[in-house]
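Have a look at the structure below before the remarks.
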Ligand code: GRF
């Protein structure tokens, strides 16, 4: 089952829900955000884990991982999650955490990837889905989708559309590789969002296999974190 980490609007969470993926729980770094409302609307357990409510980042991450595990989560998707994850969290889901990022990594990591691409004057930027490690957007790339920068006025919108197509596709492939059977991809979600028929530019391409392991093949972390 999938756990989704969010921090704000939650449009990528919505794309996963609209695709019919089995989201079991949603955890947010901030209370009161739209993403939590989307989870509640879909009747999915959702909870905020704000740093201010915990003595340290590690204890927050430990509590968040334990809560996700209680809800049967074995694949974590960072969908607009704006905090770095500590080993306290990473070790609970070894090689089973992915992130969507609005650039063609390793170009433009960090929180301002779209603005950084515009400032750099590159003709093409894009979207990356990658495995999460301790670094800032540094984990192995799973798949990327290029997006042309021009017209600049609509770049952010086109980046988001590319994210909303690529993230569910890659997550669906990871889930299928785990041997779960899934309903067919949704065409129209409960909020009226439509999953794009075509990516914004060209076809998505696999950049390099990250070697995500099926659930259970590396149980060191699981043993440490199972309750
Ligand atoms: C997305 O562009 C994501 O890649 C970035 O922050 C944005 C979050 O969007 N890290 P949302 O919360 O999924 O709508």
Inset, instruction - Can you grab the distance from the C-alpha centre of region 68-82 to the C-alpha centre of region 104-143, Å, no decimals? - result: 21 Å
Inset, instruction - Using R₀ = 25 Å, calculate the FRET efficiency as 1/(1 + (r/R₀)^6) where r is the Cβ-Cβ separation of residue 156 and residue 30; round to 0.05. - result: 0.75
Legend entry - Directionally averaged projected area (convex hull, Cα atoms, region 2-206), nm²: 11.0 nm²
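Where a number appears in this text, it was derived from the coordinates with a stated rule and is not lab data. Source: prediction; values computed, not measured. Neighbour counts are summed over all protein chains in view; Cβ atoms, including those assigned to glycine, are modelled from backbone coordinates with ideal geometry.
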